[in-house]
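Engineer: Attaching a single structure in structure tokens format; questions to follow.
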Ligand code: GDG
């Protein structure tokens, strides 16, 4: 019988920070991305611990930097130092050249180098060792994402007893794609070492269970609903669908602030008498950005009434720029934007405003608030938080969401968004036209329902659901502390 859980330890590839080289040496800035956005409100001032790679090299002197960062974040940060070789083969290699494309159904982009796999095992073991050092048997170890699928197995191999759960932020592919992975059985068996395995959608959970049937004919499923128990031989694992979400109230409240409202007004004034179509993505080939630009170009050609009356604001946040595929994509986007703007720009109107940088939060919220149309068309996506954030910030309830069928978020929002196949350029272009002409009442009715759905299932709903399934407790069992404890210990 295990002791009751008293503390949650999050383990993810990256700590929720990034290191920048400033004039006075290394500096720490808060991180960005889906996972940080999702977990920060849950750990802050609740005695949480976060373990992960800092993003730097293993000889960076982090102790002095992480202490104030921990204090500011409201949870303790423990780094996992990684060498250049480890980063190359475990992170860029196995995680981003094998699992990332494969799990997004893009198997032709995979690079199945055996050396990547060996380093993946080594680094997962390293994470397991550091987690062991900073945890006790009464802690719940909540492991995040595809970089660390092997970690529970590494803990077992070290002979360490911990209560562990895993959440996969990206999709889990169908069996005919997953089975291409040379290390498929190892990964499946490693996942069975967790007590709970969470996916974004029922589709992902179904795919996982189907893959298990390939490694064992002796599989039984017990229970019903979003969490079931899978029995494979002598292993029992709970497997569930937990669609991740956002801190809806914080987004809606911040979008209402004077700063964001003024900025939204100012930005829209610069684009008078036209509808703003917004795309916001990390630089990634899974996000379908070239296809989306082609669709906008097609719409301008086939529906000339959109010329001068729409502007596509496409924000692309730089990401994984060291990887050649991402450099190629960046160049392709510049080329496409240049081509479309070159063809259609006329005095007083530029069709695409391309922002290749990370916006600060107020500016991002201002764009969410002012955009009449959001164009969210990933080729495949675990969830896609941008879609939910757009709805939360659309206070006037006059926005139209155009959404890919292959984003996890489609499972909940499909009835009130305009759904598109992101590979179908003409279909997307028709959707842009439909959104452009949609009347005020229909826009309001649809957006009102979308906002209700996102509000109802926010980030706290997600965490509660996961914790309920994991340890039969919800967030109330981890109340906010009066003050964050100053006695921080940094272990490197
Ligand atoms: C992975 C999965 C899953 C974007 N631009 C700026 C900015 N962002 C923030 C957004 C949003 C986050 O980044 C992006 O989250 P997504 O969910 O859209 O996508 P991924 O980064 O690929 O996340 C995804 C997610 O994990 C969570 O499980 O939904 O499917 O791929 O929160 O707001 N933030 C700021 N400036 C920007 O310019 N400040």
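Engineer: Considering only residues that are within 13 Å of the ligand (Cβ to nearest atom) and without any contact (Cβ under 8 Å) to a residue 60 or more places away in the chain, which ones fall in segment 382-403?
Structural biologist: Within segment 382-403, 384, 387, 403 qualify.
Engineer: To continue, here is another question. Of the conditions (1) within 16 Å of the ligand (Cβ to nearest atom); (2) crowded, with 22+ Cβ neighbours inside 10 Å; (3) at pLDDT 95 or above; (4) in a helix (DSSP H, G or I), residue 453 clears all except one; give me its number.
Structural biologist: Of the numbered conditions (1) within 16 Å of the ligand (Cβ to nearest atom); (2) crowded, with 22+ Cβ neighbours inside 10 Å; (3) at pLDDT 95 or above; (4) in a helix (DSSP H, G or I), the odd one out for residue 453 is (2).
Engineer: State which residue is nearest to the ligand (Cβ to nearest atom) when the search covers only segment 184-219 and only residues that are assigned to a loop (DSSP other than H, G, I, E, B) and closer than 18 Å to residue 105 by Cβ.
Structural biologist: 200
Engineer: Would you check which residues across segment 229-281 are outside any strand (DSSP E or B) and within 13 Å of the ligand (Cβ to nearest atom) and list them?
Structural biologist: 242, 243, 244, 245, 246, 247, 248, 250, 251, 254, 255, 260
Engineer: Say we look at segment 314-328 and pick out the residues that are within 15 Å of residue 97 (Cα to Cα) and in contact with a strand residue (DSSP E or B) (Cβ under 9 Å, 6 or more places away or on another chain); which of these is nearest to the ligand (Cβ to nearest atom)?
Structural biologist: 319
Engineer: Still on this structure, please answer the following. When you go through (1) more than 20 Å from the chain's Cα centre (by Cα); (2) surrounded by fewer than 21 Cβ atoms within 10 Å (Cβ to Cβ) one by one for residue 321, which number turns out not to apply?
Structural biologist: (1)
Engineer: Against the conditions (1) closer than 29 Å to residue 161 by Cα; (2) over 20 Å from the mean Cα position of the chain (by Cα); (3) surrounded by 20 or more Cβ atoms within 10 Å (Cβ to Cβ), where does residue 204 fall short? Just the number, please.
Structural biologist: (2)
Engineer: Condition (residue is within 22 Å of the chain's Cα centre (by Cα), more than 14 Å from the ligand (Cβ to nearest atom), closer than 22 Å to residue 272 by Cβ and at pLDDT 95 or above) applied to segment 364-371: is it met by at least one residue?
Structural biologist: no
Engineer: Let me ask another. Looking only at residues that are assigned to a strand (DSSP E or B) and more than 20 Å from the chain's Cα centre (by Cα) in segment 142-166, which one is nearest to residue 118 (Cα to Cα)?
Structural biologist: Among them, the one singled out is 164.
Engineer: Are any of the residues in segment 219-228 buried (at least 19 other Cβ atoms within 10 Å of the Cβ) and out of contact with any helix residue (DSSP H, G or I) (no Cβ under 6 Å at 6 or more places or on another chain)?
Structural biologist: Within segment 219-228 (the criterion being buried (at least 19 other Cβ atoms within 10 Å of the Cβ) and out of contact with any helix residue (DSSP H, G or I) (no Cβ under 6 Å at 6 or more places or on another chain)), the answer is no, since none of the residues qualifies.
Engineer: Does residue 306 qualify as being out of contact with any strand residue (DSSP E or B) (no Cβ under 7 Å at 6 or more places or on another chain), in contact (Cβ under 8 Å) with a residue 12 or more places away in the chain and under 25 Å from residue 421 (Cα atoms)?
Structural biologist: yes
Engineer: If you go through segment 407-434, how many residues are over 24 Å from residue 301 (Cβ atoms) and either outside any loop (DSSP other than H, G, I, E, B) or free of Cβ contacts under 8 Å to residues at least 40 places away in the same chain (or both)?
Structural biologist: 9
Engineer: Also, quick follow-up: From (1) buried (at least 17 other Cβ atoms within 10 Å of the Cβ); (2) more than 16 Å from the ligand (Cβ to nearest atom); (3) farther than 18 Å from residue 449 by Cα, pick out the condition that doesn't hold for residue 379.
Structural biologist: (2)
Engineer: Further question on the same structure: Failed condition for residue 310, given (1) modelled with pLDDT of 95 or more; (2) within 16 Å of the ligand (Cβ to nearest atom), with all others met?
Structural biologist: It is condition (2) that residue 310 fails.
Yes/no per residue for (1) at pLDDT below 80; (2) surrounded by fewer than 16 Cβ atoms within 10 Å (Cβ to Cβ); (3) closer than 26 Å to residue 199 by Cα:
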| site | (1), (2), (3) |
| --- | --- |
| 6 | yes, yes, yes |
| 13 | no, no, yes |
| 22 | no, yes, no |
| 31 | yes, no, yes |
| 60 | yes, no, no |
| 66 | no, no, no |
| 90 | no, no, yes |
| 108 | no, yes, yes |
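Engineer: Could I ask something else about it? When you look at residue 356, is it over 19 Å from residue 431 (Cα atoms), within 16 Å of the ligand (Cβ to nearest atom), buried (at least 19 other Cβ atoms within 10 Å of the Cβ) and not assigned by TED's automatic domain parsing to the domain that holds residue 167, yes or no?
Structural biologist: No: the conditions fail for residue 356.
The values are calculated or read from the model by the stated rules, or taken from the named source; none is laboratory data. These numbers come from a predicted model, not from an experiment. All Cβ positions, glycine included, derive from the backbone under ideal geometry; neighbour counts span all protein chains shown.
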